[in-house]
């Protein structure tokens, strides 16, 4: 959809022009941006958003995995305003804090599994993952194990876009042109069940993945490996759901080799899979570090958290004779307004029983998505609860992919958008991760729009002789 023929008020046209002329967007496609600019969204209500042309859309991606309690929640907005009038910001360096920072830390400790009792705050998932790695390296240095620096990540894993978090991210196309510290990282295979070797069943594929991990550890040397970082279900890599018991077995391998486990729940926490925290409740993994963001504040303000175990805290909190300070932190760590927002957001999630709602409706959502499997280019539908994806293929039987140049996911995205649904295109995949306010009617409308959009995409491909 292009905004070149603008019909909205002058101030909104000015915003469109200013954005195109001055703003640098995350992951900008400069083949189209300089010509078409951006769609200007200006209002939201539960699981709907509105652009400045007056178009209404089902927000099938919650902004970007974020707006769990829905857009325009007046209770949270009022609370943010009241907190801003009281105390918007004061630094939390060394001997300063605020009630909201202290109380949110206690709340996150209470909802996190096991002995994850200590919280470091930042402004998002990238910062939280960077902090996790810095803390891990510091921890092993304090233990007299300075060689334990290497990190195990995974192909197609996504952990952020700051310098180190981008290196942790195993989506190779995003790293082109950037000089990242990749010598620290070893990428393991993606638990990509749909494209596992044909001769393997799911159980054998899981064996294969674990055997690969063990071989990599043996090659690198466990004494050189600090940690393994993993999303319980991969998000931006294409909603990759691991084989049963894979995460628990990977965790056990790490524990056997003195390798810390970081669970990146930036996407999967705060109700998206039906739990406030999913690692232990859904996947039977007790991480050493838990990384949170996005749904932590439902995207109303930037907020992230790195939650660490008692074992790690006991080591890093011991003062060094040469420098008693833990020399890591940010101006906005423990931001009063952000933490107050996180506290109120969790209160709303719990009081309104969002997790129960997702547990109840999630299976229906997945079942309805699976009804699209009869369409000739739908190769796979996958995911869990309110975290789902469709993968498109040129031939269903062979799973032959479309050429990247066809932009199949983006084609479906555009057709869906003109019908009033926003999905996320990732190559040959469309992702669904809506606000947790999504109800049965929203699900049914989403599936109906997707069916029409995929059928129109098939027509286009035939006209262009691409199918």
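Here are a few things to note about the model shown:
- More than 31 angstrom apart: percent of Cα pairs within segment 75-351: 26
- Per-peptide average of other Cβ atoms within 10 Å, ordering 305-312, 232-239 highest first: 232-239, 305-312
- The separation of segment 114-130 from segment 438-455, counted between C-alpha centres, amounts to 36 Å.
- Taking the chain and dividing mean pair separation by its residue count, relative contact order in percent (alpha carbons under 8 Å, at least six apart): 20
- Using bins of 10 Å that start at zero, the share of Cα-Cα pairs per bin across segment 62-132 amounts to 15, 37, 42, 6, in whole %.
- Kirkwood hydrodynamic radius over Cα pairs of segment 60-208, then Stokes diffusion coefficient at 4 °C and 1.567 mPa s, in µm²/s: 67
- Set of segment 118-159 residues, backbone N closer than 13 Å to the point 7 Å along the Cα-Cβ line of residue 212: 153-157
- Segment 1-143: proportion of alpha-carbon pairs further apart than 21 angstrom, %: 66
- Per-selection Rg to Rh, segment 146-303 - Cα, Kirkwood hydrodynamic radius: 0.95
- Highest average packing first - 378-384, 349-355, 244-250, 324-330, Cβ atoms within 10 Å: 378-384, 244-250, 349-355, 324-330
- Once the convex hull of all Cα atoms in segment 333-376 is built, its volume per residue stands at 101 Å³.
- Kirkwood-type radius of segment 60-99, with distances r between different C-alpha atoms, in Å: 12.5
- Extension gain (nm, one decimal) between residue 220 and residue 451, 0.36 nm per residue minus Cα-Cα: 78.4 nm
- Among beta bridges that DSSP assigns inside the chain, antiparallel share in %, nearest 5: 65
- With the convex hull constructed from alpha-carbon coordinates only, segment 407-467 shows a mean projected area of 4.0 nm² over all directions.
- Above 18 Å, the calculated P(r) of segment 231-278 contains 36 percent of its Cα-Cα pairs.
- In angstrom, the C-alpha Rg and Dmax of segment 305-405 are 23.3, 67.
- Here segment 75-351 carries DSSP beta bridges of which approximately 45% are antiparallel, counting only pairs with both residues inside.
- With the largest listed first and rounded to whole Å, the semi-axes of the equivalent ellipsoid of segment 147-235 from the Cα gyration tensor are 23, 18, 10.
- Computed over segment 339-466, Cα set: Rg, Dmax in Å: 16.5, 55
- With the highest mean first, a sort of the peptides 210-222, 283-295, 50-62, 261-273 on other beta-carbon atoms found within 10 angstrom per residue produces 261-273, 283-295, 50-62, 210-222.
- For segment 45-70 versus segment 201-273, the gap between their alpha-carbon centres in whole angstrom: 33
Here, each number is a calculation from the coordinates, and none is a lab measurement. These numbers were taken from a predicted model, which means no experiment stands behind them. Note that each Cβ is placed from the backbone with ideal geometry, even for glycine, and that neighbours are counted across all protein chains shown.
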